[in-house]
Amino acid sequence: MIKTLETSRLQLRKMTISDSAEVFENWTSSEVVAKYLTWAPHSSLEVTEEYLSCEEKNRREGWGIVLKGSNQLIGNIAVIDDKEKIKTKTMGYVLGEKFWNQGYMSEALTRVINFLFETTDVNRIEAEHDVNNPSSGRVMKKSGMTFEGVLRNAGLNNQGIVDVAIYSILRSDLS
């Protein structure tokens, strides 16, 4: 079961199929949002419903990002890879473009990082972004992650094969 998390401005909660219309409207249908992502913009509400149905059944560590004031669902954040043998979790996140540059994603990522270190035995949390999307790197840096380098031609997204910047935070970085 996904635990609901709180920050001063946000509630992070499990998404359900009943969120489909809001998710579709706020981010999954947007070509701008999907530009640097690995999935294409959703062409219909049905595609988002199918996506949320899979998320609801399969995602153990994933949260919808809700603005407390308006109760609006504005994005999501999730562990997209869990390398249990090396105690490493890889994060992925997306935010509707109307909500960019307001600190929401850094706030959500910081909360999830702290939660994962508090409740699991993870040693390393990492994330990567297309080098042509430096805003995502700023989110990682603001959340306490350290830039480790650029992996040339190591990513594939809607722009094709791309260079990716990788960031991480270790449990020992918090002490």
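The values are calculated or read from the model by the stated rules, or taken from the named source; none is laboratory data. As the structure is a prediction and not an experimental result, all values here were calculated from the model. No Cβ is skipped: glycine too gets one built from the backbone with ideal geometry, and neighbour counts run over all protein chains shown. In case anyone asks, the SASA skips ligands and DNA or RNA and just uses the protein heavy atoms, side chains included. Shrake-Rupley method; radii C 1.70, N 1.55, O 1.52, S 1.80 Å.
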Using the charge dipole of the stretch 1-73 (Lys, Arg: +1 at Cβ; Asp, Glu: -1 at Cβ; taken about the Cα centre), state which of 53, 36, 70 has its Cα farthest towards the positive end. 70
Could you order 121, 173 by accessible surface area, starting with the largest, using a probe radius of 1.4 Å? 121, 173
Round to a whole angstrom and tell me the spacing of the C-alpha centers of the stretch 84-118 and the stretch 33-77. 14 Å
Magnitude of the Cβ-charge dipole of the stretch 1-122, K/R +1 and D/E -1, about the Cα centre, nearest 20 debye? 440 debye
Name the residue, out of 110, 38, 120, whose mean-square fluctuation peaks in a Gaussian network model built on the chain with Cα pairs under 10 Å. 120
Per residue, how much accessible surface does the chain expose to a 1.4 Å probe? Answer in Å², no decimals. 53 Å²
Kyte-Doolittle cut-off -0.5, length cut-off 18 Å along the helix's own axis using Cα: show which whole DSSP H helices in the chain pass. 104-119
Computed from the coordinates I sent, semi-axes √(5λ) of the Cα gyration tensor in Å equals one of [x] 30, 16, 16; [y] 23, 20, 16; [z] 36, 22, 14. Tell me the label. [y]
Heavy atoms only, 1.4 Å probe, whole protein assembly: order 39, 100 by accessible area, highest first. 100, 39
Considering only protein heavy atoms and a probe of 1.4 Å, how much of the accessible area of the chain is carbon and sulfur, as a whole percent? 50 percent
